[in-house]
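The values are calculated or read from the model by the stated rules, or taken from the named source; none is laboratory data. Note that this is a predicted model, so its numbers are computed, not measured. Positions of Cβ are backbone-derived with ideal geometry, glycine not excepted, and every protein chain shown enters the neighbour counts.
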Amino acid sequence: MAIEVKIPPMGESITSGVLSKWHVADGAVVKKDQPLFELETDKITSEGTAEVAGKITFKVTAGTEVKIGQIVASIDESASVAAPATAPSEASAKEGAPVAAKSAEQSPAVRRIAAETGIDPASVAGSGKAGRVTKGDMLAVGEKPAAPAPVPAAAPAPKPAPAPVATGERQTRVKMTKLRQTIASRLVSAQHEAAMLTTFNEVDMSAVMDLRKKYQDDFVKKNGVKLGFMSFFTKAVVHALREVPAVNARIDGDTIVQNHYFDVSMAVSTEKGLMVPVIRNCDTLGMADIEKAIGEAAKKARDGKITLADLEGGVFTITNGGIFGSMLSTPILNAPQSAILGLHAINERPVAVNGQVVIRPMMYLALSYDHRLVDGKEAVTFLVKVKQAIEDPARILIGA
């Protein structure tokens with residue numbers, strides 16, 4: 001019986017995509033739940049899996065644009081029980097039995113000479129008991145004159161110079177994926193539709209780094225995950241959103257929508273492009289829960305298993321260019337959100353503390369915001385609240 005393989009539903013707003021890659025060969029026997037293909041849409045990249053085991057037959061080729069519900073292959077369940085896998089291996093075992101037995105009968109000296117000379121003991125007439133090949137038999141064969149070796153040339157011929165690359169081969173043209181097209185469109189749209197402005201500050205990371213160093217081992221033993229910087233910044237952002245609620249709002253036409261929840265989006269770089277999964281209810285999560293949630297969301301994004309629901313509903317975004325070495329940047333809004341926080345590399349720099357010049361691990365922070373909704377005073381206050389919470393983490397606990 002043949003089972004149809006269809007493009008699964010991906011969400012109400014997604015009606016089509018591109019079957020970018022087959023993970024199996026046409027005509028291959030697949031297992032149940034085995035990944036079959038990769039589907040790229042304008043929002044996410046996901047995998048299709050086999051509902052049953054059997055022989056797959058393609059209906060479309062890789063690179064074809066397909067619609068939700070379209071049949072892209074069929075699986076013949078009757079072919080799932082192919083020729084018994086043990087048959088060839090049994091035959092091989094039977095054929096190889098004499099060879100294995102004969103190899104087991106060879107003495108260590110015979111095996112050593114075979115390895116050194118390349119002479120196969122099976123091709124040598126044995127003079128020992130029951131026809132066993134002896135060391136003398138191997139040496140006798142090795143003493144026979146071999147075919148004259150070719151006389152090496154006086155000098156190796158020079159390698160030909162590489163042919164110049166044709167002008168047409170200096171470039172390649174690849175069609176943008178749907179996801180990349182959507183990312184480009186959304187970024188341009190954000191710049192055109194919002195009155196985007198960026199304010200900067202710097203933060204001393206000493207307190208957070210000292211806490212991580214002091215409690216990291218105990219944290220890992222208890223929670224099975226490392227204590228990173230992102231959980232501190234997530235808590236700092238929630239603290240700042242409470243203090244400056246205008247940043248936790250968005251514009252919908254001529255209406256201001258005020259959010260009273262704290263679902264924070266985390267920018268994740270993948271091979272397919274930038275994705276922004278959402279960590280839900282960050283105000284109720286502990287540090288370990290936030291670290292686990294971020295790790296799981298990032299893995300799903302990079303493995304192509306992210307869903308549309310994972311990307312929707314965020315009220316604020318954090319992006320960390322510092323992991324790539326960025327010193328300073330102006331992040332672009334993740335519409336329809338009104339603000340995004342950019343984190344950057346931590347570098348030791350001389351700073352003035354209580355009239356003394358000291359070396360501290362410093363990070364630049366950048367807050368881009370929609371000036372139609374968020375005033376400069378509110379944006380600066382928000383960033384200062386984040387800075388204070390990182391430099392004095394106790395503020396997060398007491399809400400100061």
Query - Residue list for the stretch 314-353, filter: of a type in the set (Phe, Trp, Tyr) and either crowded, with 20+ Cβ neighbours inside 10 Å or touching a Lys or Arg at 6+ places or on another chain (Cβ under 6 Å) (or both) - result: Phe316
Requested in this report: Output the number of residues of the stretch 263-279 satisfying the condition of being part of a loop (DSSP other than H, G, I, E, B) and modelled with pLDDT under 90.
Outcome: 2
Requested in this report: Select the helices (runs of 4 or more DSSP H) contained entirely in the stretch 163-256, then report the ones holding at least 2 residues which are more than 24 Å from Asn281 (Cβ to Cβ).
Outcome: 178-193, 206-223
Query - Any hit, the stretch 342-349, residues being closer than 26 Å to Phe219 by Cα, outside the structural domain of Thr41 (by TED's automatic domain parsing) and not in a strand (DSSP E or B) - result: no
Requested in this report: Output yes when any residue across the stretch 43-53 is free of Cβ contacts under 8 Å to residues at least 60 places away in the same chain, surrounded by fewer than 17 Cβ atoms within 10 Å (Cβ to Cβ), under 22 Å from Glu271 (Cβ atoms) and under 26 Å from the mean Cα position of the chain (by Cα), and no when none is.
Outcome: yes
Query - Top-ranked residue in the stretch 280-304 [being in contact with a Ser or Thr (Cβ under 7 Å, 6 or more places away or on another chain) and outside any helix (DSSP H, G or I); ranked as surrounded by the fewest Cβ atoms within 10 Å (Cβ to Cβ)] - result: Gly304
**Report entry** Test for Val52: is it in contact with a helix residue (DSSP H, G or I) (Cβ under 7 Å, 6 or more places away or on another chain) and either modelled with pLDDT of 85 or more or not assigned by TED's automatic domain parsing to the domain that holds Gly304 (or both)
**Finding:** yes
Requested in this report: Check whether at least one residue in the stretch 355-365 is touching a Lys or Arg at 6+ places or on another chain (Cβ under 9 Å), closer than 30 Å to Ile256 by Cα and part of a loop (DSSP other than H, G, I, E, B), and report yes or no.
Outcome: no
**Report entry** Failed item in (1) on the phi > 0 side of the Ramachandran plot; (2) in contact (Cβ under 8 Å) with a residue 60 or more places away in the chain, with Val244 passing the rest
**Finding:** (1)
